1. Can you find, within segment 161-182, the residue that is farthest from R137 (Cα to Cα) among those that are among the acidic types (D, E) and more than 20 Å from the chain's Cα centre (by Cα)?
2. I'm trying to understand the selection: among the residues of segment 73-85, which are in contact (Cβ under 8 Å) with a residue 60 or more places away in the chain and touching a Pro at 6+ places or on another chain (Cβ under 9 Å)?
3. Of all residues in segment 1-11, which are buried (at least 19 other Cβ atoms within 10 Å of the Cβ) and either outside any strand (DSSP E or B) or over 20 Å from the mean Cα position of the chain (by Cα) (or both)?
4. What are the pairs with Cβ atoms under 6 angstrom where one residue, in segment 86-97, is touching a residue at least 40 places away in the same chain (Cβ under 8 Å) and the other, located anywhere, is surrounded by fewer than 16 Cβ atoms within 10 Å (Cβ to Cβ) and not hydrophobic (A, V, I, L, M, F, W, C)? Sequence gap at least six, or different chains.
5. Could you please give the count of residues in segment 180-198 that are within 18 Å of G127 (Cβ to Cβ) and either touching a strand residue (DSSP E or B) at 6+ places or on another chain (Cβ under 8 Å) or at pLDDT below 95 (or both)?
6. Scan S99, S108 and give me the residue that is within 19 Å of T17 (Cα to Cα), more than 17 Å from the chain's Cα centre (by Cα) and not β-branched (V, I, T).
7. Taking the condition within 19 Å of G150 (Cβ to Cβ), among the aliphatic types (A, V, I, L, M) and at pLDDT 95 or above, does I98 pass?
8. For segment 137-157, enumerate the residues that are hydrophobic (A, V, I, L, M, F, W, C), part of a helix (DSSP H, G or I) and surrounded by fewer than 24 Cβ atoms within 10 Å (Cβ to Cβ).
Amino acid sequence: MALMTCRFFSEVLGLSTSMTVILPQQTTSQIGMTNHAKSGLHPTLFLLHGLSDDDSIWLRRTSIERYVAEMGIAVVMPQVHRSFYTDMEYGGKYWTFISKELPAIARSFFPLSHAREDNFVAGLSMGGYGAFKLALRCPESFAAAASLSGALDMAGHIERNEALFEHQLVYGERDITGTDNDLLWLLQEVDRMEGPKPLLYQCCGTEDFLYQDNQAFRKACEGTSLDFTYQEGPGGHDWGYWDTHIQDVLKWLPLKA
């Protein structure tokens, strides 16, 4: 595998930012590793970080590079700060960045496939929210999305936490219920639409403080026609859980043979 930290300028954000990228490499003599790369453009997993992290965290806290070595898949890990992958009321336009500018820039720098069937998104906590928001708002762009311990009921979460200052920076004073920042509403919109729908994978530990949010999303999703996989079991909001379950996500991805 090839590993790169890419620093670049974002026109949308008006600042320099970064992404960490893993690219497939065909090798036969690397000790302890079996690497595989297909010719042509690579299928891509956009892997999103949580609230307190950055684009390096998946690499630092898990063995993601080793896990994908045999799969022939690229992994793009962007930096979005504490934005909730949203065009912030008081901050940067991170939804526009993550949904439009970042994929275009990454594909201009690296040999990544544009095809819907080759593009996937996953994330943890805030990144789980971002992953499902990308897949549900852009179903024409992503074949599958996975959330690990995601903040999946943001409208309910904000109401239960009395609109914390952090939420106000992102969403302002608006009620996001029934908007395109509300995953439960987006589920219903996607279920009604024509055309391809993304596969969804959701997992959460039963001791996680976001377990209630995940139950709300699970219930809403089970009332739709979407192809939905759910997994729960003992676990908290921690890297031991995420390192284990990102391996399940990778096995679940609908990669072409």
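The values are calculated or read from the model by the stated rules, or taken from the named source; none is laboratory data. Quick caveat: nothing in here was measured; it's all calculated off a predicted structure. Quick reminder, even Gly has a Cβ in these numbers, built from the backbone with ideal geometry, and neighbours come from all protein chains shown.
1. By that ranking, first place goes to E162.
2. I73
3. Matches in segment 1-11: M1 only.
4. If the second residue must be surrounded by fewer than 16 Cβ atoms within 10 Å (Cβ to Cβ) and not hydrophobic (A, V, I, L, M, F, W, C), the pairs left are E89/G172.
5. So the answer is 1.
6. Values: S99 fails: more than 17 Å from the chain's Cα centre (by Cα).
From the options S99, S108, the qualifying one is S108.
7. Yes, satisfied.
8. Applying the first criterion (hydrophobic (A, V, I, L, M, F, W, C)) to segment 137-157 yields 138, 142-146, 148, 151-152, 154-155.
Then drop every residue that is not part of a helix (DSSP H, G or I), which leaves 154-155.
Answer for segment 137-157, where residues must be hydrophobic (A, V, I, L, M, F, W, C), part of a helix (DSSP H, G or I) and surrounded by fewer than 24 Cβ atoms within 10 Å (Cβ to Cβ): just A155.
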